[in-house]
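Data block below; observations after.
The values are calculated or read from the model by the stated rules, or taken from the named source; none is laboratory data. This one's a predicted model, so the numbers in the text were calculated from it and none came from an experiment. Every residue, glycine as well, gets a Cβ built from its backbone with ideal geometry; the counts of neighbours run over all protein chains shown. For accessibility, only protein heavy atoms count, side chains too; no ligands or nucleic acids. Shrake-Rupley method; radii C 1.70, N 1.55, O 1.52, S 1.80 Å.
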Amino acid sequence: MSESEGPARRVGRPRTAVLSHDRILEAAFELADANGPEFSLASLARRLGVQPSALHHYFPSKAALIAAMRGQITLRLGTHGFDEQPWYEAILPWARASIDAFGRHPGLIAALATLPIDGEPESIADYERIVAAFERDGYPSDLIVPALVALESFIIGSALDGLTPPDNLRPVHEPERAPVLLRTEAAARAAASAAGITPAQRTFEFGLRALVAGLRAAGEAEGRPGDAAPDPAPLREPSG
């Protein structure tokens, strides 16, 4: 080797880990899936082979990291035609994509569901697209966010239900105490099996369609007060 060629380059992996926004998120998802949301930035740094201070260049806090993780999940959901389709049609594939995303990361359900969206552009854009579809279709303005929260609450609850044993409501040890529950639970499992899906999946589909139909009917009734049937369960103001 001549002097002009300089020293030989090292072959192999660099001595220090190469970080990137996407690499940190990938490792964070792996860690959360294995250990739940209670992981620390220090444990994430160890997984990546860096010092914790190196992560702060990308994420100043764990909350910022969780927000970015939710943003990444939101991007995977897609737009689902809210700009072109009625909200009650577009919301169905959106809800299915949402529960699928939660199901892939069950350890993050609580953290993802309770973090405010402020400062997280992907979720803000997603929610804005959805509520704009509600408003465009004439849904009462004061009921749009309650309708969205009701849908999300159902999705989150269904994602948790998907983690339970399939016989969670079966009174196996004392069937004589709940014969109707035993019979109807067996009927639900049989129907799911005949459809080639799990009981949790069938329950989600039934609940989703029932909830969307109910929200649609409630919105239409509210928009036509002269034609609306009496509200069987009026909203109650919280007691002081």
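Considering each residue of the stretch 85-101 in turn, at least one proves to be of a type in the set (S, T, Y) and either modelled with pLDDT under 75 or touching a helix residue (DSSP H, G or I) at 6+ places or on another chain (Cβ under 8 Å) (or both). Taken together, the residues in the stretch 58-74 that are open to solvent by 50 Å² or more (accessible area, probe 1.4 Å) and part of a helix (DSSP H, G or I) amount to 3.
Of all residues in the stretch 131-148, those that are over 15 Å from A218 (Cα atoms) and either open to solvent by 40 Å² or more (accessible area, probe 1.4 Å) or basic (K, R) (or both) total 2. For A210, all conditions in the list (1) out of contact with any helix residue (DSSP H, G or I) (no Cβ under 9 Å at 6 or more places or on another chain); (2) open to solvent by 70 Å² or more (accessible area, probe 1.4 Å); (3) within 20 Å of F134 (Cβ to Cβ); (4) not charged (D, E, K, R) hold save one; what is the number of the exception? Unmet for A210, out of (1) out of contact with any helix residue (DSSP H, G or I) (no Cβ under 9 Å at 6 or more places or on another chain); (2) open to solvent by 70 Å² or more (accessible area, probe 1.4 Å); (3) within 20 Å of F134 (Cβ to Cβ); (4) not charged (D, E, K, R): (2). When the stretch 163-202 is limited to residues that are loosely packed, with under 14 Cβ neighbours inside 10 Å and among the charged types (D, E, K, R), the one that is modelled with the highest pLDDT turns out to be R183. Filtered by the rule that a residue be open to solvent by 50 Å² or more (accessible area, probe 1.4 Å), more than 18 Å from A147 (Cβ to Cβ) and among the aromatic types (F, W, Y), the stretch 84-130 gives no residues. Just the residues that are open to solvent by 40 Å² or more (accessible area, probe 1.4 Å) and either over 26 Å from Q201 (Cβ atoms) or polar (S, T, N, Q) (or both), please, taken from the stretch 149-160. S153, the sole residue that qualifies. Only one of the listed residues (L77, L55) is open to solvent by less than 30 Å² (accessible area, probe 1.4 Å) and closer than 18 Å to A159 by Cα. That residue is L77. No other residue among P106, P86, P60 is over 10 Å from the mean Cα position of the chain (by Cα) and either free of Cβ contacts under 8 Å to residues at least 40 places away in the same chain or closer than 17 Å to A34 by Cβ (or both) apart from P60.
Contact map, the stretch 31-43: residues that are modelled with pLDDT of 80 or more paired with residues that are of a type in the set (S, T, Y), Cβ distance under 7 Å, separation 6+ or inter-chain. Pairs shown: L31/S43. Residues in the stretch 77-94 that are more than 16 Å from E122 (Cα to Cα) and not in a loop (DSSP other than H, G, I, E, B): 7 in all.
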